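Asks: Have a look at this one before I ask anything.
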Amino acid sequence: MKTQILLFMAAASLTLPACSQSTSDNATASTQTSPVETKEPNSNYKPAFAGQTRVAGVKSATNYEGRVLTEALKFPWGITSLPDGRLLITEREGAVRIVTPAGQVGDAITGLPKVNPSGQGGLLGIRVDPAFETNRMVYWVFSEPSPEGNVTAVAKGKLSADEKKMEGATVIYRATPAYKGNLHYGGRILIAPDGNLLISTGERSDLVTRPQAQSLNSGLGKVIRITKEGKPAPGNPFAGQAGARPELYSYGHRNVQSLALDPVTGDLWEAEFGPRGGDELNHIQPGKNYGWPTITYGIEYSGKKVGDAIQQKEGLEQPVYYWDPVVSPSGMTFYSSDRIPEWKNNLFIGSLSGMHLLRLIIRNDKVVGEERLLADQYQRFRDVTQGKDGALYAITDQGRLYRIDKK
Ligand SMILES: [Ca+2]
């Protein structure tokens, strides 16, 4: 403990005044504090390296605010910006709506394939084509019902000129096998600069499906990389490997509700729900195994050990960061805006059970600062995106849309 305090003081003494900030070294503008997590951890597992959990807290120097634009949404799940600055938002029970930055909520857009909204399923992540202004294409993830069970599926459609319906909506990919359960669907989607889609899935929660996170012949517990036609993207790591699915990009994941691309490096980052005390942030490299359920810093919610209770193993990737107790990381985005310079290139993650918006400062693949924003709102933050105006927009399970910006 004494050593920790001394290290903390040493780190704090290196902090430069805010006025010196002229580069992207934005940690200097924020005040360092003790770690934001003060609760007892669930396990006594030791981190693999210093700074893998409970790093120094930070406090934004900028006077920011989270303004509620509307409270009229019903279990919103995914949010993205349209080119004109309006927001496209999915509601878990099956609606997709356009919401203006003034908070005006549009009618449900029709023409989407049927979703199964039971449990954690429903209409999930959403993105618009980078060429939306000319092609009006939209891509989304949902839990699709079938006689064999439910499956995480990806669909695309063209938003009609009158914005009332998705024309020609078609399912382009299914992360099979289907399973008769309604938990851990993953469900985020990104469109990479190369035009391919990155999709996150979950291992469907139950002990019977859990081992599929380690199987290269299953769509469960994976990051998937496909073309806009739903085919395996060229250059994927397991292409041509016998017994492996060519659409897989990374594996060994539990339930991935967070994907984001670093705007500077272009690298893919992911956060996932772990078991009790095992939520993770990972820097994703193609073809790598992120360990679940072989290694984890969490324990079962029953209190039992997970598997052999090991946290590190040769050939399995370590998380860049983990949370014990869990924060339940949902949607996330890197901040590339100039509006709040000290936030530049920081990662913002919606925390459900933690009921705050997480801000992480990352340097050279290590988390060096953590802050909890809007904790006084007591909202389950489900997703966050950067608007065309450079502000952050976040949605909560309670139905709110926030605009987060300097005051
Ligand atoms: Ca892991």
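The values are calculated or read from the model by the stated rules, or taken from the named source; none is laboratory data. All figures in this text were calculated on a predicted structure; none of them were measured in a lab. Positions of Cβ are backbone-derived with ideal geometry, glycine not excepted, and every protein chain shown enters the neighbour counts. Protein only, heavy atoms only, side chains kept; ligands, DNA and RNA dropped before computing areas. Shrake-Rupley method; radii C 1.70, N 1.55, O 1.52, S 1.80 Å.
Asks: If you go through the stretch 160-169 one residue at a time, do you hit one that is under 22 Å from the mean Cα position of the chain (by Cα), touching a residue at least 40 places away in the same chain (Cβ under 8 Å) and crowded, with 18+ Cβ neighbours inside 10 Å? It would help to see each step written out before you state the result.
Replies: As a first pass, look at the stretch 160-169 and keep what is under 22 Å from the mean Cα position of the chain (by Cα): none.
No; the residues of the stretch 160-169 include none that is under 22 Å from the mean Cα position of the chain (by Cα), touching a residue at least 40 places away in the same chain (Cβ under 8 Å) and crowded, with 18+ Cβ neighbours inside 10 Å.
Asks: Then there's this: Scan the stretch 299-317 for residues that are within 12 Å of the ligand (Cβ to nearest atom) and either farther than 19 Å from Ser200 by Cβ or among the acidic types (Asp, Glu) (or both) and jot them down. So that I can check it myself, show each step before the final result.
Replies: First, the residues of the stretch 299-317 that are within 12 Å of the ligand (Cβ to nearest atom): 306, 310-313, 316-317.
Matches in the stretch 299-317: Val306, Ile310, Gln311, Gln312, Lys313, Glu317.
Asks: Restricting to the stretch 273-283, and then to whatever is of a type outside the set (Gly, Ala, Ser) and within 9 Å of the ligand (Cβ to nearest atom), can you tell me which residue is nearest to Phe238 (Cα to Cα)? Reasoning before the result, please.
Replies: Quick first cut of the stretch 273-283, residues of a type outside the set (Gly, Ala, Ser) only: 273, 275-276, 279-283.
Of the ones still in play, those that are also within 9 Å of the ligand (Cβ to nearest atom) are 280, 282.
Details: Glu280: 24, Asn282: 20 Å.
Only one residue fits best here, namely Asn282.
Asks: Taking the stretch 245-272, which residues are closer than 20 Å to Arg210 by Cα and more than 11 Å from the ligand (Cβ to nearest atom)? Break it down into steps so the answer makes sense when it comes.
Replies: Initial filter on the stretch 245-272 (closer than 20 Å to Arg210 by Cα): 245, 247-258, 270-272.
Within the stretch 245-272, Arg245, Glu247, Leu248, Tyr249, Asn255, Gln257, Ser258 qualify.
Asks: Report, by residue number, each residue of the stretch 318-328 that is assigned to a loop (DSSP other than H, G, I, E, B) and more than 8 Å from the ligand (Cβ to nearest atom).
Replies: Quick first cut of the stretch 318-328, residues assigned to a loop (DSSP other than H, G, I, E, B) only: 318-320, 324-328.
Scanning the stretch 318-328 gives Val320, Asp324, Pro325, Val326, Val327, Ser328.
Asks: Among the residues of the stretch 122-140, is any in contact with a Pro (Cβ under 7 Å, 6 or more places away or on another chain) and either assigned to a strand (DSSP E or B) or at pLDDT 95 or above (or both)? Write out each step before concluding.
Replies: Start the filter on the stretch 122-140 by keeping residues that are in contact with a Pro (Cβ under 7 Å, 6 or more places away or on another chain), which leaves 132-133.
Pick out the ones that are also either assigned to a strand (DSSP E or B) or at pLDDT 95 or above (or both) and you get 132-133.
Yes.
Asks: Would you be able to tell me the number of residues in the stretch 219-244 that are touching a helix residue (DSSP H, G or I) at 6+ places or on another chain (Cβ under 9 Å) and either of a type in the set (Val, Ile, Thr) or within 16 Å of the ligand (Cβ to nearest atom) (or both)?
Replies: As a first pass, look at the stretch 219-244 and keep what is touching a helix residue (DSSP H, G or I) at 6+ places or on another chain (Cβ under 9 Å): 219-222.
From the residues that got through so far, the ones that are either of a type in the set (Val, Ile, Thr) or within 16 Å of the ligand (Cβ to nearest atom) (or both) too are 220-222.
Residues that pass the stated criteria total 3.
Asks: May I pose another question? Select the strands (runs of 3 or more DSSP E) contained entirely in the stretch 340-407, then report the ones holding at least 3 residues which are open to solvent by 30 Å² or more (accessible area, probe 1.4 Å).
Replies: On the way: elements: 347-351, 356-363, 366-373, 381-386, 392-396, 401-406.
Output list reads 366-373.
Asks: Pull out all pairs, ordered by first then second residue, where Cβ-Cβ is under 6 Å, the residues are six or more apart or on different chains, the first lies in the stretch 253-277 and is among the acidic types (Asp, Glu), and the second is open to solvent by 10 Å² or more (accessible area, probe 1.4 Å) and not in a strand (DSSP E or B).
Replies: Close Cβ pairs (under 6 Å, with a partner that is open to solvent by 10 Å² or more (accessible area, probe 1.4 Å) and not in a strand (DSSP E or B)) amount to Glu272/Arg254.
Asks: Moving on to the next point. Among residues belonging to the stretch 145-159 that are open to solvent by 30 Å² or more (accessible area, probe 1.4 Å) and assigned to a strand (DSSP E or B), point out the one that is nearest to Asn196 (Cα to Cα). Walk me through it before giving the result.
Replies: Initially, the stretch 145-159 is screened for residues open to solvent by 30 Å² or more (accessible area, probe 1.4 Å), giving 145-148, 156, 158.
Now narrow it down to the ones that are assigned to a strand (DSSP E or B): 145-146, 156, 158.
Values: Pro145: 25, Ser146: 27, Lys156: 13, Lys158: 17 Å.
Ranking the candidates gives Lys156 first.
Asks: Shifting gears a bit: Pull up the stretch 284-298, narrow it to residues that are open to solvent by 20 Å² or more (accessible area, probe 1.4 Å) and more than 19 Å from the chain's Cα centre (by Cα), then point me to the one that is farthest from the ligand (Cβ to nearest atom). Even if it seems obvious, please write down each step before you answer.
Replies: Kept after step one, since they are open to solvent by 20 Å² or more (accessible area, probe 1.4 Å), are these residues of the stretch 284-298: 285-288, 293-294.
Restricting the remaining residues to those that are more than 19 Å from the chain's Cα centre (by Cα) gives 287, 293-294.
Details: Gly287: 15, Pro293: 9, Thr294: 9 Å.
Result: Gly287.
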